[in-house]
Amino acid sequence: MATLFVGDIHGCAESFRALLEALGFRRGRDRLLLTGDILTRGPDPAGVWDAVRATGAEMVMGNHDRYLLRQLERLEAGEPPAAARPEKLDDVARVVPFAATLVPWLRARPYVIDDPRFLLVHAGIHPVLGLAGTTEDELIHIRTWPPTDGIVGPRWHDHVAPLPDRPIVFGHDAPGGLVVKRRADGTPWLIGLDSGCVYGGMLSGWILEEARLVQVPGPRPVLASAGDRR
Ligand SMILES: [Mn+2]
């Protein structure tokens, strides 16, 4: 049995399937955990949803997942979706065909998977107050510390104290890219898996028991702009 993590998939279904193959994932034997932000922006959200359901993967809520959930709930209530930018409405339209299965699944996603062997969150934890002092918004949005609205600057994990006995696994920070921080004995205490597959980077996976990174390329051609705006 292996414990496998996959970073932010963002609609890159072909890369997700290739990474599952490269990780050697087998349903019923392995535990598969996703860092969130699985559907928006990329070429094939329906393919990702099919693959997620086929694997029985677990996932923590990401900011894009919560956005989609809120918009789908507005539609259910007979209200129009609300978005600051037109491409975000397109993200919603592309998941409407499978909203009947997606909405209850998204509603049941936790913001934290707090396991004796790892701590999984989408974006990060409050570097001063710790997990117990982290708000839901921070769990899915935090990036820089001290907090800024941008993507430039020191990260929350540049200020956080390592947990004594297990790594923190997260995604969300494509601008920051893949990050693995290690203790003096070489064991990782921080694993950031959003390597920007939808922006021309790689889709990253991590095998907990082997402390091993596995990557596959994202789709080509790529989107023009990086970033992970709300
Ligand atoms: Mn995100």
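Here is how the numbers come out for the structure above:
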quantity: Considering residues of the range 133-189 that are β-branched (Val, Ile, Thr) and within 16 Å of the chain's Cα centre (by Cα) only, the residue nearest to Leu32 (Cα to Cα); calculated: Val169
quantity: Per-region count, the range 86-121, residues over 26 Å from Gly192 (Cβ atoms) and of a type in the set (D, E, K, R); calculated: 3
quantity: Residue tally, condition more than 16 Å from the ligand (Cβ to nearest atom), within 12 Å of Gly124 (Cα to Cα) and open to solvent by less than 80 Å² (accessible area, probe 1.4 Å), over the range 146-166; calculated: 1
quantity: Residue satisfying condition, being surrounded by fewer than 18 Cβ atoms within 10 Å (Cβ to Cβ), among the aliphatic types (A, V, I, L, M), touching a helix residue (DSSP H, G or I) at 6+ places or on another chain (Cβ under 8 Å) and over 30 Å from Ile168 (Cβ atoms), within set Val96, Val103; calculated: Val96
quantity: Enumeration of residues in the range 171-191 that are touching a residue at least 40 places away in the same chain (Cβ under 8 Å) and touching a helix residue (DSSP H, G or I) at 6+ places or on another chain (Cβ under 8 Å); calculated: His172, Ala174
quantity: Failed item in (1) open to solvent by 30 Å² or more (accessible area, probe 1.4 Å); (2) within 16 Å of the ligand (Cβ to nearest atom); (3) within 30 Å of Glu209 (Cβ to Cβ); (4) outside any helix (DSSP H, G or I), with Asp114 passing the rest; calculated: (2)
quantity: 1 or more residues out of contact with any strand residue (DSSP E or B) (no Cβ under 6 Å at 6 or more places or on another chain) and basic (Lys, Arg): qualifying strands (runs of 3 or more DSSP E) within the range 117-230; calculated: 212-217
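Every residue, every condition in (1) part of a strand (DSSP E or B); (2) open to solvent by less than 30 Å² (accessible area, probe 1.4 Å); (3) touching a Phe, Trp or Tyr at 6+ places or on another chain (Cβ under 6 Å); (4) within 16 Å of the ligand (Cβ to nearest atom), yes or no:
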{"residue": "Leu20", "(1), (2), (3), (4)": "no, yes, no, no"}
{"residue": "Phe25", "(1), (2), (3), (4)": "no, no, no, no"}
{"residue": "Gly36", "(1), (2), (3), (4)": "no, yes, no, yes"}
{"residue": "Ala54", "(1), (2), (3), (4)": "no, no, no, no"}
{"residue": "Arg70", "(1), (2), (3), (4)": "no, no, no, yes"}
{"residue": "Arg74", "(1), (2), (3), (4)": "no, no, no, no"}
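The values are calculated or read from the model by the stated rules, or taken from the named source; none is laboratory data. This is a predicted model, so every value here is computed, not measured. Cβ: placed from backbone, ideal geometry, glycine included. Neighbour counts: every protein chain shown. Surface accessibility is based on the protein's heavy atoms, side chains included, excluding ligands, DNA and RNA. Shrake-Rupley method; radii C 1.70, N 1.55, O 1.52, S 1.80 Å.
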